[in-house]
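Below: one structure, written as structure tokens.
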Amino acid sequence: MAKVALITGVNGQDGSFLCELLLEKGYDVHGMVRRTSQFSRGRIEDTRQRALSQGRVFELHYGNMSDPSSLHRILAASRPDEIYNLASQSHVGVSFEEPEHTTEINATAVLRLLECVRHIGLKARFYQASSSELYGHVAEAPQTELTPFQPLSPYAIAKLYAYWIVRSYRETYGMHASNGILFNHESPRRGENFVTRKITYSLARIKAGLQPVLKLGNLDARRDWGSAQDYVQAMWLMLQQPQGDDYVIATGETHSVRDFVERAATRSGFDIAWTGTGVDEKGVDRRTNRVLVEIDPRFYRPVDVDRVQGDASKAFRQLGWRPTVTFDALVNLMMDADLDRVARESGGRA
Ligand code: F7E
């Protein structure tokens, strides 16, 4: 019998890669999607059509992390062996504007889902999408599973609750439940309001004459950026272990937003030089003197995590996991995908 997986947030970047991975591994896949007024299955529709044409099970269920009855219904209907909780209000900046909603989805709803699993009496293994944001005001670098958490944003504080409630259910009820403390992970499927995708999409549009300039906030923030496709492998590996546990998933390299802009600009045929400081800083194309990047204080956060760099030695050792995509390769593949996409969107004019 095929194993059954349930993915919440299946239409997100990670959900879309994970459902492809699980279908390849022979799973029956169930996904929870929110009902919205607009079509919200863009990232998974092709995979779903392909799966259905091959007679595979890839079922989508309308539900909402705020609605216990929908969680109950979906769990009872799918009876999963593995649950991947990827549903989240995933934007750290937005969490300062919608702190209660963020807490509801990223904290309370995780407890709600765990309680539903327990009450139905499912023996499902549970993966929780935890985050390097937990480290916040970083106590040490690089960060491991033992580094103290000092979260800064409403997003991170809600995710910290989720982290602990998952550990509590593991320890109290003997659930096979794991936290994947994932550092930033990107792909051409990343939402356009995250900095990496915003950079590659905007540069492609500037190149095509569709956008005048790229406006950014903090250029000096450093992140450990890996490939989303690599990271969903780690999620699956966690649930194949004899016991639930918590793992850092990261590349171990740290780069600034500025580094990302420079590499993406080079890939798209610009040669960027920086002038000015603070809000007056600009990124200028050396060849044409054209301003490509400006600072817009609207994109500053009230507080920002400064230096994120993970040490995934435990995952290397215990899961046999390894990142396969370097920083340069990641930027290049995202930049190339957006250059292609914008060329298609603009009917070849680019
Ligand atoms: O920001 C700076 C911003 O929004 C990265 C989520 O997946 O990873 C992600 O959270 C950095 C920050 O990701 C802009 O201030 C500058 O320092 O791409 P981001 P994030 O906040 O690191 C963690 C691990 C998660 O768990 C989250 O769910 O870039 N930055 N200028 C900007 N960021 C944005 N979004 N837009 C700007 O214009």
**OP:** Round to the nearest 0.05 the FRET efficiency obtained for Ala329 and Tyr62 when R0 = 45 Å and r is the Cβ-Cβ distance.
**Re:** 0.75
**OP:** Assign unit charges at the C-beta atoms only (+1 for Lys and Arg, -1 for Asp and Glu), then state the dipole size of the chain relative to its Cα centre in Debye, rounded to the nearest 20.
**Re:** 820 debye
Subject >> Coil-residue trypsin sites (Lys or Arg not before Pro) of segment 176-226, DSSP, other Cβ within 10 Å capped at 14 >> reply: none
**OP:** Evaluate the distance, in nm, between pseudo-label points positioned 7 Å from the Cα of Val279 and of Gln54 along their respective Cα→Cβ axes.
**Re:** 5.3 nm
**OP:** Would you work out if segment 45-185 is rounded, prolate or oblate? Take a ≥ b ≥ c from the square roots of the eigenvalues of the alpha-carbon gyration tensor; rounded if a/c is under 1.5, else prolate when a/b is larger than b/c, oblate otherwise.
**Re:** prolate
**OP:** Could you please report the charge total around Val325, scoring K, R as +1 and D, E as -1 over all other residues with beta-carbon less than 10 angstrom from its beta-carbon?
**Re:** -3
Original post:
From the Cα gyration tensor of segment 301-344, with a ≥ b ≥ c the square roots of its eigenvalues, which class applies: rounded if a/c is under 1.5, or else prolate if a/b is larger than b/c, or else oblate?
Top reply: oblate
Subject >> Peptides 145-153, 9-17 ordered by average Cβ neighbours within 10 Å, highest first >> reply: 9-17, 145-153
Original post:
Relative to the Cα centre, what is the charge dipole magnitude of segment 1-144, using +1 at the beta carbon of each Lys and Arg, -1 at the beta carbon of each Asp and Glu, and rounding to the nearest 20 debye?
Top reply: 680 debye
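Using only alpha carbon positions, build the gyration tensor of segment 180-263, then give the equivalent ellipsoid semi-axes as the square roots of 5 times its eigenvalues, largest first, whole angstrom.
Here the semi-axes work out to 31, 14, 8 Å.
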Original post:
Taking square-rooted eigenvalues a ≥ b ≥ c of the alpha carbon gyration tensor, is segment 196-348 rounded, prolate or oblate, where a/c under 1.5 means rounded and, failing that, a/b exceeding b/c means prolate?
Top reply: prolate
Subject >> Chain lengthening between Asp220 and Lys3 when straightened (0.36 nm per residue, less Cα-Cα) >> reply: 73.7 nm
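Near Leu22, within a Cβ-to-Cβ distance under 10 Å, what is the net charge of the other residues, with Lys and Arg +1 and Asp and Glu -1? If you can, show how the numbers build up before the last one.
Numbers: positive: Lys3, Lys25; negative: Glu20, Glu24, Asp28, Glu82.
Taking every Cβ under 10 Å from that of Leu22, the sum is -2.
In the calculated pair distance distribution of the chain, what percentage of Cα-Cα distances lie above 34 Å?
26 percent
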**OP:** Along each of the three principal axes of the Cα atoms of segment 143-183, give the extent in whole Å, ordering the values from largest to smallest.
**Re:** 30, 21, 15
Original post:
Going out from 0 in 10 Å bins, what whole percent of all Cα-Cα distances in segment 106-222 drops into each bin?
Top reply: 12, 32, 28, 18, 8, 2
**OP:** Just add up the charged neighbours of Ile206: K/R +1, D/E -1, any other residue whose Cβ is under 10 Å from the Cβ of Ile206.
**Re:** +2
Original post:
Of Thr172, Ser227, Leu182, which is farthest on the positive side of the dipole of segment 161-228, counting Cα position, with +1 on Lys and Arg Cβ, -1 on Asp and Glu Cβ, and the Cα centre as origin?
Top reply: Ser227
Original post:
What ³J(HN,Hα) values, in whole Hz, does the Karplus curve 6.51 cos²θ - 1.76 cosθ + 1.60 give for segment 141-148 when θ = phi - 60°, with x put for Gly and Pro?
Top reply: 9, x, 8, 10, 5, 9, 5, x
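Per-residue ellipticity at 222 nm for the chain, helices alone: DSSP H runs ≥ 4 residues times -39500 (n - 2.57), over residue total, nearest 500 deg cm²/dmol? Before the final figure, lay out the partial values.
Working: 12 runs with 137 residues, N = 350.
Value at 222 nm, helices only: -12000 deg cm²/dmol.
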Original post:
Toward the positive end of the charge dipole of the chain, about the Cα centre and with charges on Cβ (Lys, Arg +1; Asp, Glu -1), which of Pro80, Val92, Ser66 goes farthest?
Top reply: Pro80
**OP:** Determine, for Asp220, Asp81, the number of other Cβ atoms within 10 Å of each Cβ, and report the residues in order from fewest to most.
**Re:** Asp220, Asp81
Original post:
Per residue and in cubic angstrom, what volume does the convex hull of the Cα atoms of segment 270-350 have?
Top reply: 181 Å³
**OP:** Take every Cα pair under 8 Å in the chain that's 6+ residues apart, average their separations, divide by the length, and report that relative contact order as a whole percent.
**Re:** 17 percent
Original post:
Dipole of segment 258-312, Cα-centred, from +1 at each Lys and Arg C-beta and -1 at each Asp and Glu C-beta, to the nearest 20 debye?
Top reply: 220 debye
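Coordinate-derived values only; no laboratory data. Fair warning: this is a prediction, and the values are worked out from it, not measured in the lab. Note: ideal-geometry Cβ built from the backbone for every residue, glycine included; neighbour counts use all protein chains shown.
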